[in-house]
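Visitor: Structure in structure tokens, see below.
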């Protein structure tokens, strides 16, 4: 569906999720499709709109497509927490399966293909705004970049900060409608500040990921997804080279420019992180974790664990028992 005005967008999501407006800025959804809230707020300092989704999907599968034209009601569109959404810039023909920690911005319009399944929580945050909404950004280089850059995608490798933001947001949902609106305005500002602060810390002028084609972005996300789904298996870079037709050096370069690590280093850091979580949250034994995550031996796993966290997995388990 093509969306030409923001009112059209409001009507579309109201009908799709069968929601009801319980407050000027809050839609309550309690249908066979989903349960939760959708919040629509004025953007920071009154510029543009901010849309928060927080919906638990109740049906087996929900698919829909949206096309926003930037000439209609915004000049810039920025979205975060895009799990379950494939994004295509209007001038490209490749859908990008943008993941949770990705930030996408476009000034030329955008096409969204959304595929949600039962049990998932749908919680993207969208900003629709024009150039005037960027004048408050204090860092001049970041402000100029946001104004001049047409399309870009960044993977924010700041899991802890984003997770903390989401956790504190959960508390807001239990408040009264008036308090929700007030605190969501603060959370909107906080999130956009987190985003602009991140841009101020990286080389936004010479960042190699700016030069990636839509196909190259799709490739690195395909590889990332395969790594995450098969942590017990060391990734075969040569296999990726043959499959995607990209030279090994270039493939490593574009992967690292997007995610901040080489393919193998991303795999090893994620594997040890998930192993730690399995010990702490699932209380798996050290032997179970070592072999479930593909380590050659318990000794090999313990050595890598201790090197990463400064404490042995055995001592972690002992501390949990205190």
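Visitor: With 303, 307, 274 as the choices, which residue is surrounded by fewer than 16 Cβ atoms within 10 Å (Cβ to Cβ) and touching a residue at least 40 places away in the same chain (Cβ under 8 Å)? Step through it out loud before you land on a result.
Guide: Numbers: 303 fails: touching a residue at least 40 places away in the same chain (Cβ under 8 Å); 307 fails: touching a residue at least 40 places away in the same chain (Cβ under 8 Å).
Exactly one of 303, 307, 274 is surrounded by fewer than 16 Cβ atoms within 10 Å (Cβ to Cβ) and touching a residue at least 40 places away in the same chain (Cβ under 8 Å), namely 274.
Visitor: Let me ask something additional. Is it true that residue 87 is at pLDDT 85 or above, under 29 Å from residue 147 (Cβ atoms) and buried (at least 17 other Cβ atoms within 10 Å of the Cβ)? Give the steps one after another, and end with the answer.
Guide: Values: at pLDDT 85 or above: no; under 29 Å from residue 147 (Cβ atoms): yes; buried (at least 17 other Cβ atoms within 10 Å of the Cβ): yes.
For residue 87, the condition - at pLDDT 85 or above, under 29 Å from residue 147 (Cβ atoms) and buried (at least 17 other Cβ atoms within 10 Å of the Cβ) - is not met.
Visitor: Moving on to the next point. Restricting to segment 11-25, give me the number of residues that are touching a helix residue (DSSP H, G or I) at 6+ places or on another chain (Cβ under 9 Å), surrounded by 17 or more Cβ atoms within 10 Å (Cβ to Cβ) and at pLDDT 90 or above.
Guide: So in segment 11-25, the residues touching a helix residue (DSSP H, G or I) at 6+ places or on another chain (Cβ under 9 Å) come out as 19-25.
Filter once more, so that each one left must be surrounded by 17 or more Cβ atoms within 10 Å (Cβ to Cβ): 19, 25.
Still in the running and at pLDDT 90 or above: 19.
The qualifying residues number 1.
Visitor: Looking for whichever is out of contact with any helix residue (DSSP H, G or I) (no Cβ under 6 Å at 6 or more places or on another chain) and buried (at least 16 other Cβ atoms within 10 Å of the Cβ) here; the options are 221, 240, 255. Which one fits?
Guide: Details: 240 fails: out of contact with any helix residue (DSSP H, G or I) (no Cβ under 6 Å at 6 or more places or on another chain); 255 fails: out of contact with any helix residue (DSSP H, G or I) (no Cβ under 6 Å at 6 or more places or on another chain).
One residue alone meets the criteria, 221.
Visitor: Follow-up question, since we're still on this one. Residue 136 passes all but one of (1) assigned to a loop (DSSP other than H, G, I, E, B); (2) at pLDDT below 70; (3) closer than 21 Å to residue 184 by Cα; which number fails?
Guide: Every listed condition holds for residue 136 apart from (2).
Visitor: Is it true that residue 29 is touching a helix residue (DSSP H, G or I) at 6+ places or on another chain (Cβ under 7 Å), part of a strand (DSSP E or B) and surrounded by 19 or more Cβ atoms within 10 Å (Cβ to Cβ)?
Guide: Working: touching a helix residue (DSSP H, G or I) at 6+ places or on another chain (Cβ under 7 Å): yes; part of a strand (DSSP E or B): yes; surrounded by 19 or more Cβ atoms within 10 Å (Cβ to Cβ): yes.
Taking the combined requirement at face value, the residue satisfies it.
The values are calculated or read from the model by the stated rules, or taken from the named source; none is laboratory data. These numbers were taken from a predicted model, which means no experiment stands behind them. A quick note on method: Cβ atoms are made from the backbone with ideal geometry, for glycine too, and the neighbour counts reach across all protein chains shown.
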